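The values are calculated or read from the model by the stated rules, or taken from the named source; none is laboratory data. Here the structure is a predicted model, which means the values were calculated and not measured. Please note: Cβ atoms are built from the backbone with ideal geometry, for glycine as well, and neighbour counts cover all protein chains shown.
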Amino acid sequence: MNLAIWITLSRIWIPFAVWAGFLYLDIYPAVPYLISAAVLWIEVSDCLDGWVARRWGTVSDEGKILDPTVDGFVRTSLFFLFTLPPVQIPILCPLLFLLRDGMFSLLRIVYAMRGIALPAHATGKVKAVLQGITLCGISIGMVLVKENLAHIRTVHVLATYSTALTTTYAFVTACWYLWIHRNIFKAPPEGISKSCAIPRTDSPTDSRIRNPM
């Protein structure tokens, strides 16, 4: 495995550490700061692994599949965590995130069975940015509450509305994305592979098109 994939995998442990810290939120005053640092690393490493892969020419099909899969697992786990007190966002939001990621995982598996690596789409990147902003806002809000600079009710309301907005965008764009890829479930593997293949530009037909007699 290359460095970019190791950076991607470094995010997997974060939900477990944050969940453990959340259990002792009332005992250890540093927990909100640790949660904020963990969320910050998620967002920084999400940008860093892609930059490293492109900078050193180590972009791979494994990375294209692993990066959005790990991101979905990590961020959805944190949203489930924030359904607990004191934040208490609606549990429907992370459930819809989970459903979306499950549908996309199914789509990637179907494409992989046909020998095609399906990378993250632009709508997925926007969703990741919205989720990142929401998670950072929630974690910063917890720090402000700990410092008596904000009321927990305010953090709860802002977290609920921002998460609901992100969930709506994520689910609507996921339905649209599945719709435009619906033919993958009907066509045979060899048909999909051929239709997705990049045509050769040095074929005789292409030569005649470029240089008509």
Residues of the range 142-175 classified as without any contact (Cβ under 8 Å) to a residue 24 or more places away in the chain and more than 21 Å from Leu98 (Cα to Cα), total: 10
What residue, among those in the range 23-57 that are among the β-branched types (Val, Ile, Thr) and exposed (fewer than 15 other Cβ atoms within 10 Å of the Cβ), is farthest from Arg100 (Cα to Cα)? Ile27
Within the range 71-79, identify whether any single residue is out of contact with any strand residue (DSSP E or B) (no Cβ under 8 Å at 6 or more places or on another chain), part of a helix (DSSP H, G or I), under 21 Å from Thr123 (Cβ atoms) and of a type in the set (Phe, Trp, Tyr), and answer yes or no. yes
Does Pro119 satisfy being out of contact with any Cys (no Cβ under 6 Å at 6 or more places or on another chain) and at pLDDT 95 or above? no
Failed condition for Leu96, given (1) in a loop (DSSP other than H, G, I, E, B); (2) touching a Phe, Trp or Tyr at 6+ places or on another chain (Cβ under 8 Å): (1)
Mind listing just one residue for me: the one in the range 66-115 that is touching a His at 6+ places or on another chain (Cβ under 7 Å) and surrounded by fewer than 20 Cβ atoms within 10 Å (Cβ to Cβ) and, of those, farthest from Asp46 (Cα to Cα)? Gln88
